[in-house]
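Okay, so here's the structure we're looking at.
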Amino acid sequence: MNNIFGFLEKTLMNPMTKVANTKYIKAIMNAGMASVPFTIVGSMFLILNSIPTSFPQTQTFFENTVFRFSGLTSAVTSMSLGAIALYFAMSVAYYLTKEYQQDNVPDLDPLNGAFLALFGFLITLVQLTITKGNYVAVNDIVDGVANVASGIAFQHGGIQRIGGSGVFVGILVATLTTEIYRFCISKNITIKMPDMVPPGVSRSFAALIPAFFVSIVIIFFQGILVFFNTDIHLILSAPFAFLSQMMSSWLGLMVVIVVTIALWAVGIHGSAIVSNIISPLLLVNMTENAEAIASGQQATNVIAGEFLNSYVWIGGSGGTLGLVFVLAFLAKAPQLKVIGRTSIIPGFFNINEPIIFGVPLVYNPFLLIPFFLAPMVSGTIAYFLTSIGFAGHLYAAIPWTSPIGIGAFTSSGGSIGALLTALICCLASVIIWYPFVHLYDKKLVNEMNETV
């Protein structure tokens, strides 16, 4: 068993820790957290408009009340979930600039970094084509309706590329513009104003030359790509569509679970590291589901939004709410019983550090198997029940601390099947944890009796 822990520590601990500590991953992680308020607010309005779908008896009431203002409420959804790439681009650049500012380039301004990223990202939105040797904006009119007007594509009443499909472009552009900004400032290629000039004026002139470089670099690459009848959004759509599909598969889910628990097993916060990598993918899947629901279509992405926290990490990484119940009500060893009972309330809100380090689960060979097995079984159950339509697809953002069942019910727009699925997953984890905990508990009791 020590060889297993040594292998996990050698193959996962150092590489994953290095990845998690890079400036880029930190910036993406912080950007994801910064976008949470907008995704939750937009999701709440989307859920409000979707209630009659889950509860048909409310249809008449909603038509006479809420739906009369649907034009107003849909604007909130369109400019939150439907514009998530804008928030990501600005946030990634802001936090990445801040990382460099704290590192070795103090003259960088995070706000300038955010504006430059927004500027660069907006440039990439315009679709161009070459007609008679001239670069012109695309205008695509079908049946009198403009799908692409002046180079800007529209879908479901909103701008197409600023939603979930543009998140990866936003991250890439934010990284590029921040590096250009850092290069200009570190090489003193900027306009410096005297100290007596107000900070706002000085900041605007400091960003002038970097903005010029940003525009030149982006339109240069855009020009090359358009020459080959494509652009940055189309280029990135293929590989990231594959990643999104991978993240929507059962195999992808199992990989995420195994890597996360393997990191936890050797004392690394697996959820924090892995979520930094997969959060953009889950966000894209969720926004695609939300856009489908908003347009009256069927959501298709099974693993989206808070799928993991709703079904797999019930009680925290490892599905430990089931473990908490076993410890609190079935364990005989005093230390396990106390840990279980004191962890019930945190466990309901998916907080399980007391269990992880109190039992402990870290470097514990007796509980290693259920630590892997419980979330894998829960994930398989949730994936299957969502795929067959028993549990509604998740399309609304919720806090990761939402209690068992409530998060799944809310995020699915009121699906009773989602609520039941969460409870079934928790019950499965109880059944899996019990025999291993029983053996571990018996061992501790025997050791206690021998000591006495």
Item to check | More than 24 angstrom apart: percent of Cα pairs within the stretch 285-434 | outcome: 31 percent
Checklist entry - Roughly how many Å² of Trp264 are accessible to a 1.4 Å probe, to the nearest 10? => result 10 Å²
Item to check | Cα convex hull volume per residue for the stretch 284-356 (Å³) | outcome: 91 Å³
Checklist entry - If we count every other residue with Cβ under 11 angstrom of Thr129's Cβ, Lys/Arg +1 and Asp/Glu -1, where does the sum land? => result -1
Checklist entry - Points 7 angstrom from Cα along the Cβ direction at Leu234 and Ile431: gap in nanometres? => result 5.1 nm
Checklist entry - Setting aside same-chain residues fewer than 8 positions from Lys332, which aspartates and glutamates have a Cα under 16 Å from its Cα? => result Asp441, Glu447, Glu450
Checklist outcome for this item: At the level of C-alpha centres, the distance separating the stretch 76-106 and the stretch 343-409, in angstrom, is 30 Å
Checklist outcome for this item: Taking a ≥ b ≥ c as the square roots of the Cα gyration tensor eigenvalues, with a/c under 1.5 meaning rounded and otherwise prolate when a/b beats b/c or oblate if not, the stretch 24-153 comes out oblate
Checklist entry - Using a 1.4 angstrom probe and counting only protein chains, how large is the accessible area of Lys98 in Å², to 10? => result 70 Å²
Item to check | Accessible area of the chain belonging to carbon and sulfur atoms, whole % at 1.4 Å probe | outcome: 69 percent
Checklist entry - Check Ala149: other-chain or 5+ apart residues with amide H under 5 Å from its amide H, H built from backbone geometry? => result Asp140, Phe154
Next on the checklist: Can you report the principal axis dimensions of the chain using only the alpha carbons, biggest first, rounded to whole angstrom?
Outcome noted: 86, 60, 44
Checklist outcome for this item: Taking 0.36 nm per residue of separation between Thr342 and Val217 and subtracting their Cα-Cα distance, the length gained on full extension comes to 39.3 nm
Item to check | Full-extension gain in nm, His438 to Ser150, via 0.36 nm per residue minus C-alpha separation | outcome: 96.9 nm
Next on the checklist: What distance in nm separates the two pseudo spin-label positions at Lys332 and Ile388, each 7 Å out from Cα along the beta-carbon direction?
Outcome noted: 3.9 nm
Checklist outcome for this item: Any helix of the chain counts here only if DSSP assigns it H throughout, its Cα atoms span 18 Å or more along the axis, and its mean Kyte-Doolittle hydropathy is at least -0.5, and such helices are 36-54, 84-103, 110-125, 167-186, 208-227, 232-247, 250-265, 270-294, 368-387, 416-451
Checklist entry - Taking the alpha carbon gyration tensor of the stretch 32-104, what are the square roots of 5 times its eigenvalues, largest first, to the nearest whole Å? => result 37, 10, 7
Item to check | Protein-only accessible surface order, largest first, of Arg182, Arg341, Arg161, Arg68 at 1.4 Å | outcome: Arg68, Arg341, Arg182, Arg161
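The values are calculated or read from the model by the stated rules, or taken from the named source; none is laboratory data. This one's a predicted model, so the numbers in the text were calculated from it and none came from an experiment. Using ideal geometry, Cβ is built from the backbone for each residue, glycine included, and neighbour counts are taken over all protein chains shown. To get the accessible areas, we keep the full protein, side chains included, count just its heavy atoms, and leave off ligands, DNA and RNA. Shrake-Rupley method; radii C 1.70, N 1.55, O 1.52, S 1.80 Å.
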